[in-house]
Amino acid sequence: MLELRQRLIATARRMSAVGLNRGTAGNLSLRVGGVAEGFLITPTGMDYDALEAEDIVFMRLDGTPAGRRKPSSEWRFHRDLYLARPAAGAILHAHSPFATSLACLRRDIPPFHYMIARFGGDSLRCADYATFGTQALSDAVLRAIVERCACLLGNHGMLVIGDDLEQALALGVELETLCEQYWRACQLGRPVLLDAAEMATVLSKFASYGQQA
C-alpha cells in the first residue's frame, strides 16, 4: 500500500500546482479494494508538501480510521460516495477560485458549453450548503451528484469523482476551466444555452469519447 500512498501524495501536490488548491484546503482519496476494503485519504490540516506516506489515513467503509493522523474532516462524503458508487476509484475536493465563486452564489452551471456533458448530464448542480465535515453535507452532496460525476458545494467548493487519481485530477481541472469560462461569459451578458436536444446528442457522443480500451 506504500505505492498507493505515494501516488495519492503526488496527486495532492499536483492539485496545488495546477491551481485547484492553496494551503491545506481540499482533500483527496483513493479506493482500496480486496481484503483491506476502504479508502486512503489525506489527513486534516496538513500541507501537502509536508506529507509523508505514513501521514495518509486508511479509512474502512464503516468510518473507522487507521493511522497516525486524523483523516480529512470531509471523510464522510468520501465514504458515502464510495458506498453509493461502486465504480468510483478516486474523489477530489478542492476550493478552486472559480468553482468556489459560483458555489458561493449557489448557482448551478447550465449548458452554456457542450463540455458540461463530460460530467454526465446537461447541467452541473450546486449542492445545498451544510457545515463542513457533517453528515448533512454528505447527504447534500449525494443529492446533487445523482447521475453526475461532479458537483459544486454551496458556499464551499467543488467535488469530482474519477475512475482513478489521474482522471479525478483531470476532471477537476476541466470543471474549474468551465467555471472560469461561465464566470467570464456572465460578465459580458447572459450566455446562450444549448437546448435539450443538442445536449442529448452530445451526451450520446460522450459515451464513446476518447481512447477506448
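May I ask you to list pairs of residues, at least six apart or on different chains, whose Cβ atoms are under 7 Å apart, with the first in the range 25-51 being more than 21 Å from Gly157 (Cβ to Cβ) and the second being among the charged types (D, E, K, R)?
If the second residue must be among the charged types (D, E, K, R), the pairs left are Gly38/Arg60.
Any chance the range 188-202 includes a residue that's acidic (Asp, Glu) and over 21 Å from Asn21 (Cβ atoms)? Write out each step before concluding.
The first filter runs over the range 188-202 and keeps only residues acidic (Asp, Glu), leaving 195, 198.
Keeping just the survivors that are over 21 Å from Asn21 (Cβ atoms) gives 195, 198.
Checking the range 188-202: at least one residue is acidic (Asp, Glu) and over 21 Å from Asn21 (Cβ atoms).
With respect to Met158, determine if the residue is open to solvent by less than 30 Å² (accessible area, probe 1.4 Å), within 25 Å of Lys70 (Cα to Cα) and touching a residue at least 40 places away in the same chain (Cβ under 8 Å).
On the way: open to solvent by less than 30 Å² (accessible area, probe 1.4 Å): yes; within 25 Å of Lys70 (Cα to Cα): yes; touching a residue at least 40 places away in the same chain (Cβ under 8 Å): yes.
Spelling it out, Met158 is indeed open to solvent by less than 30 Å² (accessible area, probe 1.4 Å), within 25 Å of Lys70 (Cα to Cα) and touching a residue at least 40 places away in the same chain (Cβ under 8 Å).
Say whether the condition of being in contact with a His (Cβ under 7 Å, 6 or more places away or on another chain), buried (at least 16 other Cβ atoms within 10 Å of the Cβ), part of a loop (DSSP other than H, G, I, E, B) and modelled with pLDDT of 95 or more is met by at least one residue in the range 62-78.
Filtering the range 62-78 down to residues in contact with a His (Cβ under 7 Å, 6 or more places away or on another chain) leaves 74.
Keeping just the survivors that are buried (at least 16 other Cβ atoms within 10 Å of the Cβ) gives 74.
Next, only the ones that are part of a loop (DSSP other than H, G, I, E, B) stay: 74.
When the remaining residues are screened for being modelled with pLDDT of 95 or more, the result is 74.
The answer is yes, given that some residue of the range 62-78 is in contact with a His (Cβ under 7 Å, 6 or more places away or on another chain), buried (at least 16 other Cβ atoms within 10 Å of the Cβ), part of a loop (DSSP other than H, G, I, E, B) and modelled with pLDDT of 95 or more.
With under 26 Å from Arg14 (Cβ atoms) and touching a Pro at 6+ places or on another chain (Cβ under 6 Å) as the only criterion, which of Asp47, Asp55, Asp80 stands out?
Answer to the check: Asp55.
Within the range 36-43, is there a residue that is at pLDDT below 95 and surrounded by fewer than 24 Cβ atoms within 10 Å (Cβ to Cβ)?
Looking through the range 36-43, at least one residue is at pLDDT below 95 and surrounded by fewer than 24 Cβ atoms within 10 Å (Cβ to Cβ).
The values are calculated or read from the model by the stated rules, or taken from the named source; none is laboratory data. Owing to the predicted nature of the structure, the values given are computational and were not obtained by experimental measurement. Cβ coordinates were reconstructed from backbone atoms using ideal geometry, including for glycine residues, and neighbour counts include every protein chain displayed. For accessibility, only protein heavy atoms count, side chains too; no ligands or nucleic acids. Shrake-Rupley method; radii C 1.70, N 1.55, O 1.52, S 1.80 Å.
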